[in-house]
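Bear in mind that the values in this text are calculations on the coordinates, not laboratory data. Note that this is a predicted model, so its numbers are computed, not measured. Quick reminder, even Gly has a Cβ in these numbers, built from the backbone with ideal geometry, and neighbours come from all protein chains shown.
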Amino acid sequence: MSVIYVLLAISISVALAFFAAFLFSVKSGQYDDTYTPSVRMLFEDEIVSHQDDTDSKSKSSQTKSTNQ
Amino acid sequence: MTNTTCYHCGDQCGKQHVRFDERDFCCNGCKTVYEIFTTNGLSTFYDIEARAGTTPNAIEGKYNFLDNLEIMEKLVEFDEGGVQVVNLGIPSIHCSSCIWVLENLNRLHKGISSSQVDFPKKTIRVAYRTDTISLKALVLLLGSIGYEPNISLESYNKKQAGVDRSLIYKLGVAGFAFGNVMLLSFPEYFEVEEFWLDQYKPVFRWLMFAFSVPVVLYAGKDYFISAYKGLHSKLLNIDVPIALGILTLFLRSTADIMFDLGSGFFDSLTGLVFFLLLGKFFQQKTYAYLSFERDYKSYFPIAVTRLKENGVEENVQIYKVKTGDHILVRNQEIIPVDCSLVNGIAEIDYSFVTGESRPVTKEPGEKMFAGGKQLGGVLEVEVLKSVSQSYLTQLWANSVFSKDKASQFQTITDSIGKRFTIAVLTIATLATVYWLIYDASMALNVFTAVLIIACPCAIALAAPFTLGNMLRIFGKYGFYLKNTNTLERLAKINMVIFDKTGTLTTTHRDTILYEGMELTEEETALLKTTLRASNHPLSRSLYDILKSNEIMTLDEFQEHTGKGIEGRVKDHSMKVGSAAYVGKQGSMTTSNTAVYISSDAHIKGKFVFKNAYRDGVGQLFGELAQRMQLGILSGDNDGERQQLQHLLAADAEMLFNQKPEDKLNHIKKKQEHHNVLMVGDGLNDAGALAQSDVGVAVSENINVFSPACDAILDASQLNKLPRLIKLSKKSMRIIKLSFLLSLAYNLVGLYFAVTGQLQPVIAAILMPLSSISIVAFTTLGTNWVGKQLK
């Protein structure tokens with residue numbers, strides 16, 4: 001068997017894998033709202049700092065200072 | 001302190017200025033939201049965007065109906081194992097701070113497990129545990145932080161419509177195949193005479209074939225369906241030559257590789273479908289958060305409080321309300337049915353219906369129409385007609401609401417497509433006949449080549465890209481069109497008909513004129529003092545315009561709700577109110593709202609309240625009148641006929657006292673000779689908006705209210721209307737120019753096709769080149785023309 005068949009099989013299966021990933025992303029609703037995630041990813045991650053009260057103050061003040 | 005703005009909502013801090021935590025707040029509501037946020041560790045809200053909050057409204061009791069199990073079940077999307085998921089529309093979502101706080105709702109209540117905002121649609125999806133929080137508690141929680149959800153009769157009737165993602169799938173399939181086929185056909189482009197490549201040619205070709213099959217059968221199937229439908233109803237739409245092109249490309253290419261005649265045109269085929277779908281995708285731009293399909297259901301409550309005979313209150317679904325029932329209407333609630341007042345003081349704001357926002361006072365026994373909003377206390381009313389039988393809602397039984405304007409309109413692409421198809425078929429036949437005579441072996445080759453090269457990809461792309469881009473430009477300037485079809489219809493308009501109240505007039509300002517005997521300084525001061533004590537909206541507006549700085553202390557003050565007020569200082573008394581209240585005899589039917597004044601039992605005169613016209617209305621009429629006919633269609637009386645006639649052209653038709661059905665019929669009559677643009681705002685215009693060629697709803701706040709229409713225009717942009725119409729005409733000119741351009745490409749291609757020299761590589765170059773240059777031309781063209789709006 002010629003090596004070209006192997007190469008073709010590999011390249012096409014890689015392409016198909018990406019295509020399947022695309023289909024999955026559409027199906028899971030990732031294309032329904034293309035704006036909100038772009039805002040969401042920019043939020044400071046300070047949920048943790050408020051969950052335990054002991055070091056919340058120091059952390060939240062840090063986040064604030066980085067914001068300004 | 002004059003320039004302080006609220007730390008929460010950014011409004012001017014006025015009378016109810018509150019200082020709290022070293023910050024300024026415009027009212028207690030905003031302060032409370034601030035308190036909730038800071039005590040729950042949500043103060044980041046103010047860091048993301050400053051002064052982005054919304055003032056909460058008082059909503060106590062409004063959502064009691066959510067306790068009703070049947071109604072609640074209709075609203076929630078998922079309900080199992082103690083977990084419910086609900087999708088709520090929140091009109092006040094407007095910035096990233098909103099997203100942040102709404103997605104951190106779980107910090108406000110531990111019963112909420114997750115919440116996700118869809119910003120373009122302005123909705124939030126909340127999952128919560130029913131053992132700790134109920135739907136009603138959730139809605140009240142949202143309301144308390146200024147994000148009151150919009151729950152209307154519409155949400156009750158709504159079917160769970162799935163999201164249509166088929167176009168994205170198709171685009172994905174076509175794009176995937178296009179890329180792969182392009183790579184696979186590369187060796188063939190260069191005609192390398194290499195043994196190694198020649199040996200594997202069939203493998204490459206059959207792979208391309210495999211990639212093309214789903215493109216033709218799945219991605220391109222809409223074109224076949226549309227072409228079939230068009231032919232079935234004896235119409236040659238643009239999809240006919242497209243479908244013909246796709247089919248010929250596929251069959252010819254398959255035959256080519258089967259009999260080893262050539263490499264086929266699979267690259268052109270997949271590229272063609274991909275570009276066409278891209279055009280469709282671009283055209284699909286819609287304003288997800290705006291609804292163009294609203295009817296009364298979007299504004300009417302889901303449930304009302306019904307009084308049983310023994311005086312017990314119960315929440316019932318609105319369709320279950322029968323004639324004779326007694327129901328309660330609370331402050332800020334909409335009256336859902338025609339009814340008569342039994343108990344309470346009614347101040348009805350009919351702005352949803354007519355655009356007129358000044359409340360109308362009703363006394364017990366008087367009839368009230370559905371659609372009005374109660375301002376003030378609780379009312380007990382007796383139902384006269386059920387919801388669907390009411391005066392306003394009956395309008396929606398008219399067949400005009402089930403018609404689809406877009407399907408009755410032949411787009412420019414379709415009208416070109418017809419001539420184009422005929423031309424292509426003629427050329428193909430002539431060329432085939434010629435070759436049959438001279439070299440019969442070439443005949444089939446030439447016939448298919450003509451059909452392939454003439455496939456009107458560029459023509460089909462011109463309109464979607466021009467109109468889609470124009471839609472975006474219009475949207476930037478506050479003019480939101482439902483679809484590109486509306487834009488084409490707008491370009492054909494030659495008559496504009498306006499509603500008056502709420503459309504040409506603004507609800508924000510009043511013009512107040514005084515008619516009668518002149519008031520002395522003392523009387524003016526007394527009048528102002530008396531007005532100061534009253535909370536009635538008319539008293540407030542009047543108080544603001546009176547130029548007297550002297551404020552006295554009233555010895556006596558009485559307010560007779562629905563009639564007027566009376567104030568006394570020493571031995572002088574002042575009565576302000578309706579004609580009957582001050583003792584004016586034979587009160588004639590005045591066309592405007594008026595407040596009568598009597599001092600010491602002598603009638604002095606009256607203050608007449610008139611709606612102020614929006615800025616630039618005169619100029620708007622002037623600009624429009626140069627090119628089209630104008631008209632006025634108002635539900636009000638003709639009190640302002642003179643003033644309007646002065647603003648309008650002399651031959652403009654003006655009709656007053658028009659019922660919703662009258663408006664609809666008038667438009668229908670005008671359409672016999674004109675293409676009518678209707679500009680309105682209230683639910684009473686809904687029929688006229690639906691009937692007209694283009695119905696534009698003017699709205700002061702695009703998120704809040706607009707009846708069903710083809711386009712929504714921000715009220716502040718009303719004076720731009722003539723320019724917007726002009727721009728729509730220019731867009732059509734751009735499309736026509738692009739047609740010429742693509743025709744030039746087609747002629748070049750046809751030369752190769754007719755002479756029998758069409759190589760796959762030429763088709764593969766010509767097709768994307770023409771498409772891309774058309775897209776570039778239309779995008780640049782519309783942007784350049786769009787600059788004129790500034």
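The listed peptides B:311-322, B:571-582, B:296-307, ordered by packing as a protection proxy, come out as B:296-307, B:571-582, B:311-322 (highest mean of other Cβ atoms within 10 Å first).
When each of B:Lys308, B:Lys405, B:Lys492, B:Lys170 is scored by the number of other beta-carbon atoms lying within 10 Å, the sequence from fewest to most is B:Lys308, B:Lys492, B:Lys405, B:Lys170. As a length-normalised measure over Cα pairs under 8 Å and 6 or more apart, the relative contact order of chain B settles at 11 percent. Rg/Rh for the protein assembly as shown (Cα atoms only, Rh after Kirkwood) is 1.05.
Inter-chain Cβ neighbour count for B:466-479, averaged per residue, equals 0 (cutoff 10 Å, partner chain atoms only).
Provide the FRET efficiency to the nearest 0.05 for the B:Thr323-B:Glu70 pair, computing r from the beta carbons and using R0 = 30 Å. Efficiency, from the Cβ-Cβ distance: 0.85. By the rule of a C-alpha distance below 27 Å, with chain neighbours fewer than 8 residues away ignored, the lysines paired with B:Lys570 are B:Lys528, B:Lys547, B:Lys584, B:Lys604, B:Lys606. Spin-label model, B:Asp11/B:Arg641: points 7 Å from Cα along the beta carbon direction are separated by 4.1 nm. When we measure straight from the Cα of B:Lys201, which lysines land under 30 angstrom away, once same-chain ones fewer than 8 places off are left out? The qualifying lysines are B:Lys170, B:Lys221. Express in whole angstrom the spacing between the alpha-carbon centres of region B:253-280 and region B:667-743. The distance from the Cα centre of region B:253-280 to that of region B:667-743 comes to 41 Å. Of the complete DSSP H runs in chain B, those spanning 15 angstrom or more by Cα along the long axis with a mean Kyte-Doolittle score not below 1.6 are B:440-453. Give the distance, in whole Å, between the Cα centre of region B:173-247 and the Cα centre of region B:69-127. Answer, in whole Å: 45. Shape verdict for chain B, please, from the Cα gyration tensor: rounded (a/c under 1.5), prolate (a/b greater than b/c) or oblate. It comes out prolate by the Cα gyration axes.
Here's how it looks for B:Val698: its modeled amide H is under 5 Å from those of B:Gly680, B:Asp681, B:Leu713, which are all 5 or more places away or on a different chain. Stretched out straight at 0.36 nm per residue, the stretch from B:Asp651 to B:Arg51 would grow longer than its current Cα-Cα span by 211.0 nm.
Remark: relative contact order (region B:180-264) = 26 percent; criterion is Cα-Cα distance under 8 angstrom and separation of 6 or more residues. Measuring between their Cα centroids, region B:748-764 and region B:324-403 lie 70 Å from each other.
Inter-chain neighbour count for B:93-102: the average number of beta-carbon atoms from partner chains within 10 Å of each residue's beta-carbon is 2.
Summarising the label geometry, the points placed 7 Å from Cα in the beta-carbon direction at B:Asp164 and B:Leu375 lie 4.1 nm from one another.
Peptide B:388-400 has a mean shielding of 0, counted as Cβ atoms of other protein chains within 10 Å of each residue's Cβ. Peptide packing for B:728-734, B:755-761 was compared via the average number of neighbouring C-beta atoms within 10 Å per residue; ordered from the highest value, the list is B:728-734, B:755-761. Model label points for B:Trp206 and B:Arg129, set 7 angstrom from Cα along the Cα-to-Cβ axis, are 6.0 nm apart. The stretch between B:Tyr438 and B:Leu747, if pulled fully straight at 0.36 nm per residue, gains 109.0 nm over its current Cα-Cα span. Potential lengthening of the chain between B:His94 and B:Gln389 amounts to 102.5 nm, from the contour at 0.36 nm per residue minus the alpha-carbon distance. In terms of packing, defined here as the mean over residues of other Cβ atoms within 10 angstrom, the peptides B:618-629, B:450-461, B:26-37 line up highest first as B:450-461, B:26-37, B:618-629.
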